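Reading through the structure tokens given below for one structure.
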Amino acid sequence: MSDRAEFRDRSQRERADHYAEVHVTPRDLHDLRLRLPAETLIHICENPRVVEAAADAACVQPLVCTSGSAATVVFTLLNALAATGCRFAYHGDFDWPGIALANRVIRRYEAQPWRMGTADYEHLAARSQAEGIPQLALDGEPVNADWDPDLAPAMAALGVALHEEATLELLVDDLSRQT
């Protein structure tokens, strides 16, 4: 490994050791050496705000963020993690593009849905309404959730889109637990 690659590796580890998010580039992945035990559960989220909140709370669980629709660098990292025997849990937005992305990630990596069921959606929609949080209209063509056939009909019936921020405290609580 070159001196530059060792420096990048060391600086990323130092950031992680201090609960600071680490942004990975394709260049970083070129020299990536993963050292995770097989069966390590990797949580995947869609919104960088989840990573920031997890870092602020000094969460202990591994987390990868797609930053919206997963790009090549995310799939390259997830492929490398899958090759080491890691397992995945996915959470994203409760809107049609979020469900489509969840379908792709869940199918590709046999990920478990993470707080992405009908009951989760209905609870969060009711809570956000009770707390007076402005409701976002659910627009576009419905997308069936591969993991929960009741989710798309429930979303269509309520007509409310929920971004990951609506679930933030629950996700951070999950990520704070030791396994």
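The values are calculated or read from the model by the stated rules, or taken from the named source; none is laboratory data. On a predicted model such as this, the values are computed, not experimentally measured, just so you know. With ideal geometry, Cβ positions are generated from the backbone for all residues, glycine too; neighbour counts draw on all protein chains shown. Just so you know, the surface numbers come from the protein's heavy atoms only, side chains and all, with ligands and any DNA or RNA stripped out. Shrake-Rupley method; radii C 1.70, N 1.55, O 1.52, S 1.80 Å.
Any residue at all in region 97-106 that's over 25 Å from Thr40 (Cβ atoms), out of contact with any strand residue (DSSP E or B) (no Cβ under 6 Å at 6 or more places or on another chain), touching a residue at least 60 places away in the same chain (Cβ under 8 Å) and open to solvent by 30 Å² or more (accessible area, probe 1.4 Å)? No, region 97-106 contains no residue that is over 25 Å from Thr40 (Cβ atoms), out of contact with any strand residue (DSSP E or B) (no Cβ under 6 Å at 6 or more places or on another chain), touching a residue at least 60 places away in the same chain (Cβ under 8 Å) and open to solvent by 30 Å² or more (accessible area, probe 1.4 Å).
Just one of the listed residues (Gly85, Gly68, Gly92) is within 12 Å of Leu34 (Cβ to Cβ) and in a loop (DSSP other than H, G, I, E, B), and it is Gly85.
Hey, could you check region 32-60 for residues that are assigned to a helix (DSSP H, G or I) and touching a helix residue (DSSP H, G or I) at 6+ places or on another chain (Cβ under 7 Å) and say which is farthest from Arg108 (Cα to Cα)? The qualifying residue farthest from Arg108 (Cα to Cα) is Ala53. Only residues that are under 20 Å from Ala53 (Cβ atoms), out of contact with any helix residue (DSSP H, G or I) (no Cβ under 9 Å at 6 or more places or on another chain) and in a loop (DSSP other than H, G, I, E, B) were counted in region 120-165, giving 1. Within region 68-82, residues that are more than 12 Å from Ile42 (Cα to Cα) sit with their Cβ atoms under 8 Å from residues that are open to solvent by 20 Å² or more (accessible area, probe 1.4 Å) and among the small types (Gly, Ala, Ser), at 6+ positions apart or across chains, in these pairs: Val74/Ser67.
Of all residue pairs spaced 6 or more apart or on separate chains, none has beta-carbon atoms under 8 Å together with a first member in region 143-163 that is farther than 10 Å from Ile99 by Cα and β-branched (Val, Ile, Thr) and a second member that is open to solvent by less than 20 Å² (accessible area, probe 1.4 Å) and part of a loop (DSSP other than H, G, I, E, B).
Scanning region 152-178 for residues that are under 14 Å from Cys45 (Cβ atoms), hydrophobic (A, V, I, L, M, F, W, C) and open to solvent by less than 40 Å² (accessible area, probe 1.4 Å) turns up Leu162, Ala166, Leu168, Leu171, Val172, Leu175. Within the set Asp146, Asp139, the sole residue that is open to solvent by 20 Å² or more (accessible area, probe 1.4 Å) and within 18 Å of the chain's Cα centre (by Cα) turns out to be Asp146.
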